[in-house]
Structure formats: C-alpha cells, structure tokens
C-alpha cells in the first residue's frame, strides 16, 4: 500500500492548515493509508499541537545565506522561482520510494502569489515518477491566462477540488478530466475536541465572530468600514437580543498578537465593561476551536476553515468573503453564495453586517438548519468517494 507525503503545510499557527492536516490524516487512514509524513517549516510548533502523533514530521531544510542569495538572483534574472524551492524538498525526495505519493495540501496557494514551491514539488515528483495530488484546492480565474500555472496544473496526477466554482475553472485547463474530482474540503471531517467554554459564553445562544486582517482595507484603523460594521452589529446584539458574543481567531498566536487575534483584540478592547462578550485568548487547536464554534447559535466568519467548523456542526453561518473559496463552498451548500457570503469589498453602509445578520441568519435560522440536515451527510461523503477513486486509480497506473 502507498505512503502519503503531505506537503504545502504553512504551519499550525494557521489553524486551517492544521485542520487540513488532521482531517486528511483521518480520511486517509479510514481509506487504508497508514504511513503518513508531513513536511513542516516549524517542527517545534507542530509538535506542540500534536501533529507528530498523527504523522511523521519531515522538516524543511533552512537555506544558508549563500543559497538564499543564489535563489533570489536566479529568480530575478531568469524568472525561475523553482530553483531555490527545489532545495526545500531535498529531504523528501531523498527518502521517498515508488510506493508513495505526494499531496499538495496548500489549498488556495494558487490564488495569490506565484506558487513556486508548488511548482517545484510537482516538477520533482514528475522527475522521480511519483504521483502528485492537488488536494482540497481552490483556484481563481488568473489560471486561465497564466501559461506557467497551466503547465504546472497539468503535471498533477489527480486534482481533488473543494468547491464547484474552482472546479469549473480547472475543467477549462486540466486536460485529464477523468482525474479532476469535486469533493468537500477534508476539514468537514475534522473532529471537535471538548474544552471548557469561555466565561460569558452562553451555550447555544452565542454569536461567534471570526475576522481576518484580509477583510479590512486598513486593519490598523478602527474607523475602517469593517470595524464600524462589527461595532454596529455587536451594539445591536447587546441592545436588542439576549445573545452573547464570542470573538474567535483561527489564524493566530496569542504571544505574538498575530493575525486574527490582533484584529479581534481591538474589537474586544472597544467593550471593556461588557459581560456579554468573550474572546478566545488561549492557544487552542483547530479541534478545540471547532468545539467552541459548534456551541454557538450563529457564526460570522472570514477564515474559510472557521466557517467549515460552523457548517459541519450545523451552526447557521455567514461568510465574510475575500476569495473564491468561501463563495464556492457557500454556493455548493446553499445554491446561492450571494445570500450567505458577503464580500468585504461590497460593504456600502455602516449597518450592512447587522442587516445581513438579521435578515439572513436570524430570520432564516430554521431553513438553514433544515438545509444542513438535508445535504451534509451526502456532501461529506463526497471526499471519501474521491479518495476511493484516487487510490484505485493509483493502484492500476
């Protein structure tokens, strides 16, 4: 049987990356793959959250100053960003054998900057005759005009795409259509690990809120339209409902005040005397965060995997979108991403989020719960079917 090497993990500080690792390991083991390896940039942190207990950690090597300088020079002079990135995978391809496959689990890395690290992984896998899988991915329309990206995409043996909007784009580019499979994000299978709920958290009567710096025009300024919308939403909840509020980061480091935690702290500081608001200020794992989110009555989130934690535990949820992945997942779940997904770029007034909360989540609460009941079982099984197709295909190649 094959061994699986999970690559493209950017680190456990992003609890979405952790969620992909944990849920992928769970799914692969259920399908008979028990030898799992995880490439890591930060072994110490990944060990601290227990990823070494579900996989064998393989650490990326650190580049010397000379190697970094040479990589930069070649990239700038020859537009070749894969030269330096190939060095990252030296430990992997020194140990990998023909009974293995590599999985690029960096789901949306093709949506932002040029993914040189992914290009390097794919080239080396092809050179060593090792199957490469693009796993739980999203892409945007940039790929339709980027020839280098198209060439790279077509090196993958299989592509498991997590939402239909990206699937439709990839179907125009990826030539091996039989090996392009639409399935849910693996994190829909992530377990929830019970922890003590925060003080001022009302079981099943709390609104969970997750925000990312990516949904602000300027997250340093509290007069940013997103901050104003959040303040008006919280004011409405406190003044006109009996709901409490919990601010929940999903990409964060408490000690370094990083990412979501930094943004949410600004909001929390705006209500110093309120006993209706709590904030997650401990280093919880993705499974523990999922448990907290699962006990909310409603959820509003920017990070895709915070939203998946809500969707998969039947919490009525509204996405604050900054990329195709949140739109695509909302579309597949509800047949309409416009209603259940708000782009931060489309905020026009100070009360857009408050209005969406009232009109979409509160008024439609029972309809959303019914939709979850109708769709989630079949939706979640799609990735098990995809892995079955994948493994059968690899065995007969």
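Computed from the coordinates by the stated procedures, all read-outs in this text should not be read as laboratory data. Computed from a prediction, not measured in an experiment: that's the story for all the values here. FYI the Cβ positions are ideal-geometry reconstructions off the backbone, even for glycines, and counts take in every protein chain you see.
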Roughly how large, in nm² to one decimal, is the mean projection of the convex hull of the alpha-carbon atoms in region 107-156?
3.2
At 0.692 mPa s and 37 °C, plugging the Kirkwood radius over alpha-carbon pairs of region 152-287 into Stokes-Einstein gives what diffusion coefficient in µm²/s?
184
Provide Rg and Dmax in Å for region 135-180, with only Cα atoms included in the calculation.
9.4, 23
How large is log10 I(q)/I(0) at q = 0.19 Å⁻¹ when the Debye formula is applied to the Cα atoms of region 206-363, each weighted equally and without solvent?
-1.26
Taking the convex hull of Cα positions in region 317-397, its mean projected area over all directions (nm²):
6.6
More than 19 Å apart: what percent of Cα pairs in region 1-60 qualify?
19
Helix-only [θ]222 nm of the chain, DSSP H runs n ≥ 4, -39500 (n - 2.57) each, per residue, nearest 500
-13000 deg cm²/dmol
Just order 156-165, 15-24, 28-37, 348-357 by mean Cβ neighbour count inside 10 Å, highest at the front, would you?
15-24, 156-165, 348-357, 28-37
When only alpha-carbon atoms are used, what values of Rg and Dmax, in angstrom, describe the chain?
21.2, 64
Over the chain, what relative contact order in percent results from Cα pairs under 8 Å that are six or more residues apart?
16
When you count, for each residue, the other Cβ atoms within 10 Å and take the mean per peptide, how do 297-304, 44-51 rank with the highest first?
297-304, 44-51
Whole-Å distance linking the alpha carbon centroid of region 320-397 with that of region 128-180 is 21
For region 7-30 and region 197-257, compute the distance between their C-alpha centroids and round to whole Å.
26
With an 8 Å Cα cut-off and a minimum separation of 6 or more residues, compute the relative contact order for region 206-363 in percent.
27
The chain: antiparallel bridges as % of DSSP beta bridges, rounded to 5, reads 5
Place the peptides 362-374, 310-322 in order of packing, highest mean first, counting for every residue the other Cβ atoms within 10 Å and averaging per peptide.
310-322, 362-374
